[in-house]
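The values are calculated or read from the model by the stated rules, or taken from the named source; none is laboratory data. A quick note: this is a predicted structure, and the numbers were derived from the prediction, not measured. Please note: Cβ atoms are built from the backbone with ideal geometry, for glycine as well, and neighbour counts cover all protein chains shown. The protein model used for the area step is the full one, side chains on, heavy atoms only, and it has no ligands, DNA or RNA in it. Shrake-Rupley method; radii C 1.70, N 1.55, O 1.52, S 1.80 Å.
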Amino acid sequence: MHCRVLASATVTSALSRPDSLTDTAGLCPYGEATGATGATGPGTPGSYDPFGLLDLFGEGFVREPYLWLDRLRAEDPVHRDPATGLWLISRYEDIRRVLLDPTVFRPDNAQHAITPLGIPALRVLARAGFRVRPALANNVSASHAGLRRVVTRFFNAERVAAAVPVIERVADELLDSVRTEIDTTAGSDLFGAFAHTLPCRVMMELLGIHGLDTTTLVRWSDASLELFWGRPSAERQLELAVLVGEFHQWLTSLVSDRTAPADSFVGALVRHRLPDGELLDLETAVGACFFVFIAGQSTTGQLIATVLRSALAEPGLWPRPGHEEGLAKAWVEEVLRREPPVTTWRRVTARPVEVSGTPLPAGAELLLMLMGSGSDPEVFESPEEMRPYRANSRHHLAFGVGRHRCPGASLARTEAAVALRAVARRLPAVRLSAEAAHAPVLDLLSFRAPLHVPVASPPTL
């Protein structure tokens with residue numbers, strides 16, 4: 001589970017973004033594209049800026065980020081992106097340093113909306129009573145340690161081991177339907193029919209959540225990610241705000257029920273006491289639930305989709321993860337290193353500081369390029385190659401590091417490995433369909449994954 005909590009929509013990011021940014025579809029960071037010659041950047045007036053065409057939401061960056069990430073790391077590891085106002089931090093050691101020092105590099109902005117929300121969307125959220133206080137990923141107060149212990153208790157090694165039979169059973173149930181669809185139509189989409197649903201069903205069983213269908217919970221979670229980390233139009237913001245407001249109202253109702261068993265996740269939260277002895281307030285409890293519910297389904301589903309797509313695309317690999325001991329876990333680790341679903345994360349400087357020799361003022365908004373850190377050649381040999389059993393593969397920063405490291409990392413790893421093993425065992429003959437090469441990709445600031453993993457049985461390839 002990748003840990004991401006959403007901040008209150010009533011406190012939007014101060015970052016501004018132009019109404020329209022140049023689409024970088026097909027553009028290369030080395031200037032090999034129409035219009036690159038005349039590009040200028042924030043440096044000397046009239047000078048060529050090699051990163052002037054970079055658009056963090058553009059088709060070119062979303063589909064082929066590695067050329068951009070490699071060049072940023074090599075030539076401008078602390079680069080200010082004029083379109084967002086963010087400082088892009090690209091080197092592994094710099095990112096690790098930032099994550100390990102939340103006093104200087106605070107997480108206050110981690111869940112601010114990257115696209116400022118319009119008044120109509122804010123009104124919708126206000127009518128829904130939407131307000132989420134810092135609880136986990138953006139919390140540096142004295143309450144953080146205790147809240148983290150409550151959450152971690154439900155995702156420790158013992159509980160994750162006990163969850164494996166649940167994950168296997170749900171995976172098999174979903175794959176029964178996938179198998180039937182393939183037998184009937186000769187194809188299926190492993191994202192919609194499997195990866196997108198598995199984590200939600202598992203989470204609801206593990207946390208004892210009842211009375212809500214998985215489709216609704218997935219829709220609410222995905223809407224939250226898009227509203228806060230996407231670039232939605234004003235009209236789209238309204239649609240998303242309605243869903244996020246519904247999600248918040250449901251969570252508030254769930255947490256307000258003080259009859260939840262003490263050994264359940266919600267029961268433990270509502271009985272938790274803060275450092276001053278007071279019971280945890282409702283808004284912070286709801287914030288913690290945002291953290292768990294969104295990270296436990298959307299980002300884990302994105303990880304599973306990426307794991308399956310990459311394993312099916314790797315020459316000579318499929319269906320070995322289904323029967324070779326340890327290969328599924330090793331492949332998941334390489335995907336987390338090279339292509340994590342959480343691609344970036346934000347911090348803000350508390351005081352003037354230098355990073356890789358670049359002076360940053362207090363209040364500088366940083367974007368940590370987590371995806372690029374896993375391809376840093378100073379840390380990982382031949383990083384462009386997928387090497388299961390790489391000696392230092394677990395040194396990646398996909399789950400963060402330090403006091404805000406994802407407490408659900410073990411569950412996310414386990415779910416992805418069980419999912420890969422189950423699909424390889426049950427569907428050993430399937431291959432990626434031709435349309436996989438053109439499948440849409442999630443294009444949010446901090447989240448990236450294939451939105452379709454189309455597979456077909458061999459006769460139709």
(request) List the number of the failed condition for Pro383; all other conditions in (1) buried (at least 22 other Cβ atoms within 10 Å of the Cβ); (2) more than 30 Å from Asn139 (Cα to Cα) hold. (result) (1)
(message) Among the residues of the range 426-461, what is the count of those that are open to solvent by less than 10 Å² (accessible area, probe 1.4 Å) and of a type in the set (Val, Ile, Thr)?
(response) 3
(request) Output the qualifying pairs, or none if there are none: Cβ atoms under 6 angstrom, residues six or more apart or on different chains, first residue in the range 430-444 and of a type outside the set (Lys, Arg), second residue part of a loop (DSSP other than H, G, I, E, B). (result) Ala439/His452; Pro440/Leu451; Leu442/Arg448; Leu442/Ala449; Leu442/Leu451; Asp443/Phe57; Leu444/Gly230
(message) Can you pull out every residue in the range 327-360 that is in a loop (DSSP other than H, G, I, E, B), among the β-branched types (Val, Ile, Thr) and surrounded by fewer than 21 Cβ atoms within 10 Å (Cβ to Cβ)?
(response) none
(message) Out of everything in the range 395-425 that is of a type in the set (D, E, K, R) and at pLDDT 95 or above, what residue ends up being most open to solvent (accessible area, probe 1.4 Å)?
(response) Arg425
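For (1) farther than 22 Å from Arg271 by Cβ; (2) assigned to a loop (DSSP other than H, G, I, E, B), each residue gets a yes or a no:
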| position | (1), (2) |
| --- | --- |
| Ala110 | yes, yes |
| Ala113 | yes, yes |
| Pro116 | yes, yes |
| Ala121 | yes, no |
| Phe130 | yes, yes |
| Ala137 | yes, yes |
| Val140 | yes, yes |
| Leu147 | no, no |
| Val160 | yes, no |
(request) Can you tell me which residue among Ser188, Ser143 is at pLDDT below 90, among the hydroxyl-bearing types (Ser, Thr, Tyr) and touching a helix residue (DSSP H, G or I) at 6+ places or on another chain (Cβ under 9 Å)? (result) Ser143
(request) Tally the residues that are outside any loop (DSSP other than H, G, I, E, B) and crowded, with 18+ Cβ neighbours inside 10 Å, restricting the search to the range 55-79. (result) 12
(message) So, Thr215, is that one without any contact (Cβ under 8 Å) to a residue 24 or more places away in the chain, open to solvent by 40 Å² or more (accessible area, probe 1.4 Å) and assigned to a helix (DSSP H, G or I) or not?
(response) yes
(request) Give the residue that is modelled with the lowest pLDDT, with candidates limited to residues of the range 29-48 that are of a type outside the set (A, V, I, L, M) and closer than 28 Å to Pro232 by Cβ. (result) Gly35
(request) Sort through Gly277, Gly296, Gly363 and tell me the only one that's at pLDDT below 95, open to solvent by 10 Å² or more (accessible area, probe 1.4 Å) and either in contact with a helix residue (DSSP H, G or I) (Cβ under 8 Å, 6 or more places away or on another chain) or not in a helix (DSSP H, G or I) (or both). (result) Gly277
(message) When you check Ala416 against the structure, is it among the aliphatic types (A, V, I, L, M) and outside any helix (DSSP H, G or I), yes or no?
(response) no
(request) Could you please let me know if Leu88 is over 30 Å from Pro383 (Cα atoms) and either among the hydrophobic types (A, V, I, L, M, F, W, C) or open to solvent by 50 Å² or more (accessible area, probe 1.4 Å) (or both)? (result) no
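Can Arg390 be described as open to solvent by less than 30 Å² (accessible area, probe 1.4 Å) and in contact (Cβ under 8 Å) with a residue 24 or more places away in the chain?
Yes, satisfied.
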(request) Collect the residues in the range 127-158 that are under 21 Å from Gly245 (Cβ atoms) and aromatic (Phe, Trp, Tyr), keeping them in residue-number order. (result) Phe130
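For residues in the range 120-144 being open to solvent by 50 Å² or more (accessible area, probe 1.4 Å) and not hydroxyl-bearing (Ser, Thr, Tyr), which is farthest from Glu239 (Cα to Cα)?
Ala142
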(request) Give just the number: which of (1) more than 21 Å from Asp108 (Cβ to Cβ); (2) in contact with a Ser or Thr (Cβ under 8 Å, 6 or more places away or on another chain); (3) open to solvent by 10 Å² or more (accessible area, probe 1.4 Å); (4) not aliphatic (A, V, I, L, M) does Gly301 not satisfy? (result) (3)
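Considering each of Val170, Val255 in turn, give the residue that is free of Cβ contacts under 8 Å to residues at least 40 places away in the same chain, open to solvent by less than 30 Å² (accessible area, probe 1.4 Å) and either of a type in the set (Lys, Arg) or closer than 27 Å to Arg431 by Cα (or both).
Val170
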(request) Just need a number here: residues in the range 233-242 that are in contact (Cβ under 8 Å) with a residue 24 or more places away in the chain and surrounded by fewer than 21 Cβ atoms within 10 Å (Cβ to Cβ). (result) 3
(request) Kindly indicate whether any position in the range 52-74 is over 21 Å from Val348 (Cα atoms), of a type in the set (Val, Ile, Thr) and modelled with pLDDT under 80. (result) no
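Determine, yes or no, whether Ser224 is within 30 Å of Val418 (Cα to Cα), over 21 Å from the mean Cα position of the chain (by Cα) and at pLDDT 95 or above.
It is false that Ser224 is within 30 Å of Val418 (Cα to Cα), over 21 Å from the mean Cα position of the chain (by Cα) and at pLDDT 95 or above.
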(request) Determine whether the range 340-351 contains at least one residue that is hydrophobic (A, V, I, L, M, F, W, C), farther than 20 Å from Leu56 by Cα and at pLDDT 95 or above. (result) yes
